[in-house]
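The values are calculated or read from the model by the stated rules, or taken from the named source; none is laboratory data. Note that the structure is a prediction, hence the values are computed from the model and not measured. Here the Cβ positions follow ideal geometry from the backbone for every residue, glycine too, while neighbour counts run over all protein chains shown.
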Amino acid sequence: MFALTRLRLPIAVLIAVVFAALLALVAFSSTAEANHSWGGYHWARTSNPFTLQLDDNLSGTWKPYLATTSTDWNKSNELDTKIAASQNTKQCRPTSGRVEVCNSTYGNNGWLGLAGISVSGKHITQGYTKMNDTYFNTAKYNKAEWKNLVMCQEVGHTFGLDHQDETFDNKNLGTCMDYTNDPDGGAGGASSNDPSNEHPNTHDYTQLSNIYSHLDSSTTVGQTSAANKTPAAADEADLDDEGPSKWGQLIRQSPDGRLALYRKDLGGDHKVFRFVIWTENAHQLNGKGRQVS
Ligand SMILES: [Zn+2]
Ligand SMILES: [Zn+2]
């Protein structure tokens, strides 16, 4: 009896050690992979690093957030962003080879932030992002933490990045590509000491390295001629206020439905994707607002 117990203990310890090692391996490989590109879509370019122009169509209060986002993403080895003067209006019509960044009171349409991206084959040809001041002017969202999260995430989508996590009420991962109800981390939300989700993290830069490791034989960055390759895409931004019925297919949404991805096929291999962050109360809207299945 005594001998048996003495034998069992080391075996139990051994099993526990092996199990812990396996768990560590699983945890390591799932985070190390950093696989959060959306379908492998990327800007075509013939050399790295490349510089993507972000057109500043913002009012004064938003400009510092774009500056922060630009600086943050420039830590990528492959990608640089350059902020340029406004080309555009609050309608935010996309411009070939660039990303338009806009804010306005777009109305009670349910979306807090939106990124629209045109693709031709696997190549991104143009993008735009909109911050909806109708909601950012309210007490809940009129905070630096929310503005940083949404600006950083929507611009991140235009590079080909997807969300790292879509559950809003779990611990922050420390990246703006993680949706949260507590963007600045710390007190509030799921944890009292989780990191801020207002900026990218190293997994985002790793993912950008994966997406942009290869070079293409042509470029879609800064190309004005790309306009001809994306029929009707220039008018797409006008449909944002119309709601999901004009956005093509809902191809994915988060468990709580607050993040959604729509794809509209424009014929040939041309598509427009919309990444949408709905507000907390968007489910109360009907008609023009969010459609709930
Ligand atoms: Zn390519
Ligand atoms: Zn998003």
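Any idea which residue in region 97-132 is nearest to ligand 1 (Cβ to nearest atom), counting only those that are more than 20 Å from Arg263 (Cβ to Cβ) and surrounded by fewer than 20 Cβ atoms within 10 Å (Cβ to Cβ)?
For region 97-132, the residue satisfying everything is Ser104.
Ser218 is checked against (1) on the phi < 0 side of the Ramachandran plot; (2) within 15 Å of the chain's Cα centre (by Cα) and fails just one. What number does that condition carry?
(2)
With the structure loaded, tell me whether Val99 is in contact (Cβ under 8 Å) with a residue 40 or more places away in the chain, within 19 Å of Gln223 (Cβ to Cβ) and within 16 Å of ligand 2 (Cβ to nearest atom) or whether it fails that test.
Yes; evaluated as a whole, the condition is true for this residue.
Take region 37-85 and flag every residue that is crowded, with 21+ Cβ neighbours inside 10 Å and among the basic types (Lys, Arg).
Arg45
Condition first: modelled with pLDDT of 95 or more and either within 14 Å of ligand 2 (Cβ to nearest atom) or in a helix (DSSP H, G or I) (or both). Can you find one or more residues in region 211-222 that meet it?
Yes, because at least one residue in region 211-222 is modelled with pLDDT of 95 or more and either within 14 Å of ligand 2 (Cβ to nearest atom) or in a helix (DSSP H, G or I) (or both).
Give region 132-160 a look and list any residue that's of a type in the set (A, V, I, L, M) and in contact with a helix residue (DSSP H, G or I) (Cβ under 6 Å, 6 or more places away or on another chain), or say none.
Those that are of a type in the set (A, V, I, L, M) and in contact with a helix residue (DSSP H, G or I) (Cβ under 6 Å, 6 or more places away or on another chain): Met151, Val155.
So which residues in region 98-117 are farther than 21 Å from Met177 by Cβ and under 19 Å from the mean Cα position of the chain (by Cα)?
Passing the criteria: Arg98, Gly110.
What is the number of the single condition among (1) surrounded by 22 or more Cβ atoms within 10 Å (Cβ to Cβ); (2) within 16 Å of ligand 1 (Cβ to nearest atom); (3) modelled with pLDDT under 95 that Gln207 does not meet?
Evaluating Gln207 over (1) surrounded by 22 or more Cβ atoms within 10 Å (Cβ to Cβ); (2) within 16 Å of ligand 1 (Cβ to nearest atom); (3) modelled with pLDDT under 95 leaves (3) as the failure.
So is Pro195 over 19 Å from Arg45 (Cβ atoms), modelled with pLDDT of 95 or more, within 16 Å of ligand 2 (Cβ to nearest atom) and not polar (S, T, N, Q) or not?
no
Taking Thr105, is it in contact with a strand residue (DSSP E or B) (Cβ under 7 Å, 6 or more places away or on another chain), of a type in the set (Val, Ile, Thr) and under 30 Å from Leu266 (Cα atoms)?
No; evaluated as a whole, the condition is false for this residue.
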